4 protein chains.
Amino acid sequence: MSSSAPHSERRLRAGIVGGGRGAFIGAVHRMAAELDGRAEIVAGALSSDPQTAQLSAADWFLRRAYISFEEMARAEAAAPEGIDFVIVAVPNHLHYPVVRAFLAAGIHVVCDKPLALSVAEGEQLAPLLASGSLLFALTQTYTGYPAVREARALVAAGELGRLHRVMVEYTQDWLREPLETQGQKQAAWRTDPARSGQAGSLGDIGVHAQNLLEYVSGQTISSVCADLNRVVAGRQLDDDASVLLRLSGGARGVLVCSQIATGDENALSLRLYGSKAGLAWHHEDPDTLIHKPAGAPWRRLRRGQAYLSDAARAATRLPPGHPEGYIEAFANLYRAFCADVCRVKRGEPPLRDYPGLEEGLRSLRFIEAVLASSRADSAWTTVGTGR
Amino acid sequence: MSSSAPHSERRLRAGIVGGGRGAFIGAVHRMAAELDGRAEIVAGALSSDPQTAQLSAADWFLRRAYISFEEMARAEAAAPEGIDFVIVAVPNHLHYPVVRAFLAAGIHVVCDKPLALSVAEGEQLAPLLASGSLLFALTQTYTGYPAVREARALVAAGELGRLHRVMVEYTQDWLREPLETQGQKQAAWRTDPARSGQAGSLGDIGVHAQNLLEYVSGQTISSVCADLNRVVAGRQLDDDASVLLRLSGGARGVLVCSQIATGDENALSLRLYGSKAGLAWHHEDPDTLIHKPAGAPWRRLRRGQAYLSDAARAATRLPPGHPEGYIEAFANLYRAFCADVCRVKRGEPPLRDYPGLEEGLRSLRFIEAVLASSRADSAWTTVGTGR
Amino acid sequence: MSSSAPHSERRLRAGIVGGGRGAFIGAVHRMAAELDGRAEIVAGALSSDPQTAQLSAADWFLRRAYISFEEMARAEAAAPEGIDFVIVAVPNHLHYPVVRAFLAAGIHVVCDKPLALSVAEGEQLAPLLASGSLLFALTQTYTGYPAVREARALVAAGELGRLHRVMVEYTQDWLREPLETQGQKQAAWRTDPARSGQAGSLGDIGVHAQNLLEYVSGQTISSVCADLNRVVAGRQLDDDASVLLRLSGGARGVLVCSQIATGDENALSLRLYGSKAGLAWHHEDPDTLIHKPAGAPWRRLRRGQAYLSDAARAATRLPPGHPEGYIEAFANLYRAFCADVCRVKRGEPPLRDYPGLEEGLRSLRFIEAVLASSRADSAWTTVGTGR
Amino acid sequence: MSSSAPHSERRLRAGIVGGGRGAFIGAVHRMAAELDGRAEIVAGALSSDPQTAQLSAADWFLRRAYISFEEMARAEAAAPEGIDFVIVAVPNHLHYPVVRAFLAAGIHVVCDKPLALSVAEGEQLAPLLASGSLLFALTQTYTGYPAVREARALVAAGELGRLHRVMVEYTQDWLREPLETQGQKQAAWRTDPARSGQAGSLGDIGVHAQNLLEYVSGQTISSVCADLNRVVAGRQLDDDASVLLRLSGGARGVLVCSQIATGDENALSLRLYGSKAGLAWHHEDPDTLIHKPAGAPWRRLRRGQAYLSDAARAATRLPPGHPEGYIEAFANLYRAFCADVCRVKRGEPPLRDYPGLEEGLRSLRFIEAVLASSRADSAWTTVGTGR
């Protein structure tokens, strides 16, 4: 529950691109980035619409509001009290140009997933980060939950033995109707290949499942056998998907994502089965991790308790029994990122204890393999490694 | 909670083959068959070992004990107070010969799943039942749960709208170790192709998942894309399986079965997602059915309540809140079967409201398609229809 | 899961008084008594209405049907193949005369709770049992659950340390309307002081809570501070009660029972808190016991698992994960009782591992203390000990 | 999910007294006060220890750090950019003097519960607030949960009918050992009558239960019958309590609070039973409210869903299924308070949609009645109304 990370003499200054009025994720970034009092959003290009940008900036009491992200990158890089890092919260097709602009201006970046629209596009960001002087975080939020970190720690400590079976699901129902034809802005861009990329539910939530699985298991998905579906008539992208998995360490299993799973909210769950124990985590009860040792009673591990690993204990703010949630998990990514920004400012090496370029590329490669498998009548397809 | 099924002037007389000391399922058959006081087991060939057969028969106070099922079929058919029906609770490879012997002797049969070792073998039973004068029930037990019947009724009434996604799982962990090499009798025959057939976990529990899904959804599985696994070293049959599904009505989904899922007991669960609602049922909370109407709160339907369908209300014995379980579900199959036996005795047509030959053949065809798919590197494979 | 209790050469013969058509509990007694195949109900006086008695006897294929329990006691005691024991399933006011009649006839008795209408009445049964040659069981059913037995074993083994706080509840809602004025037979006698005694909800379900608490904790309730309520207008007996408790070992706590708790089914639950651990059991998930060791994760103990105590393992019939319920718990009382009947027949001393006269008297004394406290404006009132 | 509350031209400036390093609640106040970006803590007297005060102020990047709260009140009232309101997060015995100092200086106040050490002390604050120009909020945090607000809205809308039974509990275990003798600062002052007042667990958590019950039910507790306990040897204040309740509208029930309930974290729960429905809310699953309509399935209401009341929908920040928790609930009090500060600044009447003086006095009167009842051997004791 402590936060002894070294910090600077002042709050870090952050900027944000996207996330203005009408966007769900913008406010979440603000709450998460500022939760620990280590950073403050002071500048933004919150919308491409000038009036929305202005009103949104006023909502947030920003000191500097921009219409153009290019201008923002230039101006902030030049300003004596310019931002220390930028948050990228725009639709998918803009991730690449915005990230590129800020990295090129020498500004650290926190970016929504996915990294880019394609592996090829994502790989073009690598050279900009190659020097190691710039920081880049991808907000794979679910890895921020303390119970997820405990799960990872248990697997890493060998508590599960050899991992045999994995099950990961992310089901929700908000796209069960064709909202994109009814003026719903969030639905519109997410179901539009030009703005969202070639993957629908797979890119929106499937990669959260993929990333969570790889994060906790310590294994990567090596090949996939996928069946994508478009349930809602007229929709161009998948809104439902089932994928058989084979993992680098020999485990097998299933990944399911769906945005038409009527009645489910954000039902992300992960179940692992090893030779010595099973593990289960459900997003709807995020403070709890179920540990199932072979031949013994299930153990209910709870956020905030002293018996947890260091990693899990470092990622919490409240005593056990006072529920934490999504914002706090999100804030854990920012906590680590801000500590790294301070380290870099002091000339120390960053720890990079948050998802970054590599995780972003892995998700894009996973997407491409799933799309390829589904097109090939569910043929087993290898997930690229970039080598 | 009523039981107005017509009944005879006396308890029906039942016999049993298999299920002696050391067998789990024998005692369950006895409890289930006798629970409603409509039948009594009076004769048996409980073991091929004479001493076990004798001791087991004494345990149950049987009037007539046999060593050989052939002899039992002959003798009971000839006896003036012979059995009305026989229960077949032997390892899989004996299902066919035992069932055949009793049907040939004109005795109604209740048989453990699977119907037989292969589709071909199973189909040979069809002519014996063709006249319609003999009754045959296959103990696909899980269809006996009142909440499962409510689920089926809700789907049939159109409450789910068009079905889009299905998820069915049966995970357990009792074969996570190579018990078959350690003298465990149950494990020994289940992992032996000669006695269990070509499917391991798939045949033992996967078909329960398949049958449950088809029973509730009212759709059949039309094609499969399967990945069978043998986790425990040296095992000849699958102990873990993932299967992508496509259903006759257009739904898609996943079936998982595993006997190496450490920490799980008999975690059978079914989730359906339709255009109007979702449904979820979990075997560990069998008296509850979760109904998830689109845009509205989940409804927790409970066994025994007056608001349930006739089908669900007819399948219960206790008021809501007094838990029922596996034996009661099992007994629901016997209740319907015994009522049919009485109907036939009175010259009335049977209702056949329990799984039978057709369900048994469907499971065998499903198994063969899954095996074929898995052998073909998970190629989509059509499930035969027998036509 | 074993059943090595010694048994006789034949099924025991049981009779039943009460429990005919329209009575919920009669069929439960039959199922529970016969579940293990150790006893068979062969005779009964199922109703005081001759036609109901006759029809009910036919439903159950009884060999001998009576109208009068006195006649039944006489006749069965005299018959060469008379019953070994009788089941008493009549409204409360008849418990005493029926039990008395059969004990006087030398026949063992299993009786529904409460023992009698008053302590005074109950104490008159003591002399009939004083010789020790007759067996008497009171069906405090909930003590039959394996998880409850595990709880008792854990407390007895000192796993909770010193017990500090107890919470026991039994809430249901079936009397939330004045069913007794609407022709509902069950409600009619339960709300009628002449047939039910001076306690309403307290006598019907409160004593189950009291008995469960004392059974598991190993302590007796020494004094009470009670607030009885009659929620439904016109009702003569309590339908809702809250009671502060002090226990013989120093623990304190609360007992709540209610029959007007809208939405609850049979929500019996027990929570204990000791210096070393807490325990929780909920009737709606009867196969699970939650063990909460201080400073460590909760442990979820499950019926049927090998890690349980002998007492819990002996009280089960199915592998873990195949749910057991109320009938099976009830049958555990019969299992122990029937084993005792066999012991007595063989001239061996009975084990009396089921609730009996003493537990019945304790409940009656608890009721009287609660009634006295409530009448005295909730003054602390000592529960009598009979000494 | 909207936040259309009118706001000022700048973030509000807040100060804080107490809450420095080592205090749990200080950081929670900061996160909650700042979560919506409407306020910023700029000044503080975070500790009476000068060095701690200085370090804590640096941790939070405060602009102005004080050692003395009197000096802070004076200075901030005089400063041109002084604070708009102060947060009081000190041990109980300091609530009164600190609140008094800031109110006297004309500064709005947000104060931890309890209001004061006694009713008499609390009533002395009334004159300072009588003019209506100053705002006062008491952080009865649990009323900030959206699901709690939904519960209140359902009761107010008559969905429960006439309320008959209430059950409220707050159990935790952190004081199961004598931490106060082991140098634990939080335990030391909470178990010390001089700093905590005459009530231990009752004042620390019991009043949360009392407030939650009254908030949701819309009834006040009119009389109590209480049994306080001191479980840990040597402790001067209660650490465990059971209280029978009678409510102003006729409902009866039980309140339990305990800090020695081994294994429980912050197990606050509320259950209400009315003539038409029951309701249940559990702090460990805060986004869920269970609605139990008579004779119908339970309905699981979820935070963020469109079907909820305006009050519940206004108190949320995330879509359903992205868990919210304690900080967000806490922030809902600040959201309403800050909106009121802005209203007052604009000359508009405040809405006072948060707990205040009256709620604080009610809790103190409840405490005094419980203490009196417990001293009087649990005699029923009327809760004062201040009239």
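Just from its helices, what would the mean residue ellipticity at 222 nm be for the protein assembly as shown, if runs of 4 or more DSSP H residues each count -39500 (n - 2.57) and the sum is divided by every residue, rounded to the nearest 500 deg cm²/dmol? Mind showing how you got there, number by number?
Details: 52 runs with 500 residues, N = 1548.
The per-residue figure over the protein assembly as shown is -9500 deg cm²/dmol.
Going by the alpha-carbon gyration tensor, a ≥ b ≥ c the square roots of its eigenvalues, is segment A:225-266 rounded (a/c under 1.5) or, if a/c is not under 1.5, prolate (a/b greater than b/c) versus oblate? Mind dumping the intermediate values first?
Working: a/c = 4.21, a/b = 1.89, b/c = 2.23.
Oblate, because a/c is 1.5 or more while a/b does not exceed b/c.
Inter-copy label distances at D:GLY386, shortest first and taken from points set 7 Å along Cα to Cβ: 5.4, 6.3, 7.7 nm. Remark: mean inter-chain Cβ contacts per residue of D:28-36 equal 3, using a 10 Å Cβ-Cβ cutoff to other protein chain atoms. Both radii are taken from the alpha-carbon atoms of segment B:275-358; with Rh as the Kirkwood radius, Rg/Rh is 1.06. The alpha-carbon atoms of segment B:165-244 define a convex hull whose volume equals 98 cubic angstrom per residue. For B:VAL86, the amide hydrogen comes within under 5 Å of the amide hydrogens of B:GLY15, B:HIS108, B:VAL109, B:VAL110, counting only partners 5 or more places away or on other chains and with H modelled in the peptide plane.
At a 10 angstrom cut-off on C-beta neighbours, averaged per residue, how do the peptides D:378-384, C:230-236, C:111-117, A:219-225 rank from highest to lowest?
Values: D:378-384: 18.3, C:230-236: 15.9, C:111-117: 25.0, A:219-225: 21.0.
The most tightly packed comes first, giving C:111-117, A:219-225, D:378-384, C:230-236.
With both labels modelled 7 Å from their Cα along Cα-to-Cβ, the A:GLN182 to C:LEU55 distance reads 5.4 nm.
Rounded to whole Å and ordered largest first, report the semi-axes of the equivalent ellipsoid of segment A:1-143 derived from its Cα gyration tensor (root of 5λ). List each step's numbers first, then the result.
On the way: eigenvalues 84, 77, 50 Å².
Taking √(5λ) for each Cα gyration eigenvalue gives 20, 20, 16 Å.
By the combined test of axial Cα extent (at least 20 Å) and Kyte-Doolittle hydropathy (mean at least 0.0), the qualifying DSSP H helices of chain A come to A:326-345, A:357-375.
How big, in percent, is the set of alpha carbon pairs in segment C:233-372 lying more than 24 Å apart? Mind dumping the intermediate values first?
Values: 5039 of 9730 pairs.
Every Cα pair in segment C:233-372 considered, those over 24 Å come to 52 percent.
Size estimate for segment B:34-109 follows the Kirkwood approach: the inverse of mean 1/r over distinct Cα pairs works out to 12.7 Å. Here the Karplus curve 6.51 cos²θ - 1.76 cosθ + 1.60, taken at θ = phi - 60°, turns the phi angles of segment C:113-127 into couplings of 7, x, 4, 6, 7, 8, 4, 4, 5, x, 5, 5, 7, 4, x Hz, with x standing for Gly and Pro.
Measuring heavy-atom accessible area with a 1.4 angstrom probe and counting protein chains only, the residues of segment A:155-188 that give up at least 30 Å² relative to the chain alone are A:HIS164, A:ARG165, A:MET167, A:GLU169, A:ARG176.
By the Stokes-Einstein formula, at 1.567 mPa s and 4 °C, chain C with its Kirkwood radius over alpha-carbon pairs has D equal to 61 µm²/s.
Remark on A:LYS113: its backbone amide H falls under 5 Å from those of A:THR139, a criterion applied only to residues 5 or more positions apart or on other chains, H modelled at 1.01 Å from N. Distances between placed amide hydrogens fall under 5 Å for A:HIS164 paired with A:TYR273, A:GLY274, A:SER275, all partners being 5 or more residues away or on another chain. Only Cα sites of segment B:179-297 enter the Debye sum here, all with the same form factor; the resulting log10 I(q)/I(0) across q = 0.12 1/Å is -0.52, listed in q order. For GluC sites (Glu not before Pro), the sites in segment C:16-114 that DSSP calls loop and that have at most 15 other Cβ atoms within 10 Å are C:GLU81. The mean number of Cβ atoms from other chains found within 10 Å of a Cβ in peptide D:242-251 is 3, as a whole number. A simple rule links phi to the HN-Hα coupling: the Karplus curve 6.51 cos²θ - 1.76 cosθ + 1.60 with θ = phi - 60°, which for segment A:273-285 gives 10, x, 5, 10, 6, x, 9, 9, 9, 10, 4, 6, 10 Hz, with x for Gly and Pro. Accessible area of C:THR181 (1.4 Å probe, protein heavy atoms only, ligands and nucleic acids ignored): about 110 Å². Sorting the segments D:82-88, D:185-191 by their residues' average number of neighbouring beta-carbon atoms within 10 angstrom, most packed first, yields D:82-88, D:185-191. Over segment D:40-169, Cα pairs under 8 Å with separation of 6+ residues give a relative contact order of 16 percent.
Here is the size of the protein assembly as shown from its Cα atoms: Rg then Dmax, 34.3, 110 Å. With a/c under 1.5 counting as rounded, go ahead and sort segment C:316-384 into rounded, prolate or oblate using the C-alpha gyration tensor (a ≥ b ≥ c being the square roots of the eigenvalues; past the cut-off, prolate if a/b is larger than b/c, else oblate). It is oblate, given that a/c is not under 1.5 and a/b is not larger than b/c. Here segment D:125-200 has an Rg and Dmax of 18.9, 50 Å, counting Cα atoms alone.
Listed values for segment C:129-144 are Karplus-derived 3J(HN,Hα) couplings in whole Hz (6.51 cos²θ - 1.76 cosθ + 1.60, θ = phi - 60°), namely 9, 5, 5, x, 8, 9, 9, 9, 10, 10, 7, 7, 4, 5, 6, x, and x replaces Gly and Pro. As a length-normalised measure over Cα pairs under 8 Å and 6 or more apart, the relative contact order of segment D:235-387 settles at 9 percent.
Net length available on complete extension from A:ALA104 to A:THR385 is 98.6 nm, with 0.36 nm assigned per residue and the Cα-Cα distance removed.
The values are calculated or read from the model by the stated rules, or taken from the named source; none is laboratory data. Quick caveat: nothing in here was measured; it's all calculated off a predicted structure. Cβ atoms come from the backbone with ideal geometry, glycine included; neighbour counts cover every protein chain shown. To get the accessible areas, we keep the full protein, side chains included, count just its heavy atoms, and leave off ligands, DNA and RNA. Shrake-Rupley method; radii C 1.70, N 1.55, O 1.52, S 1.80 Å.
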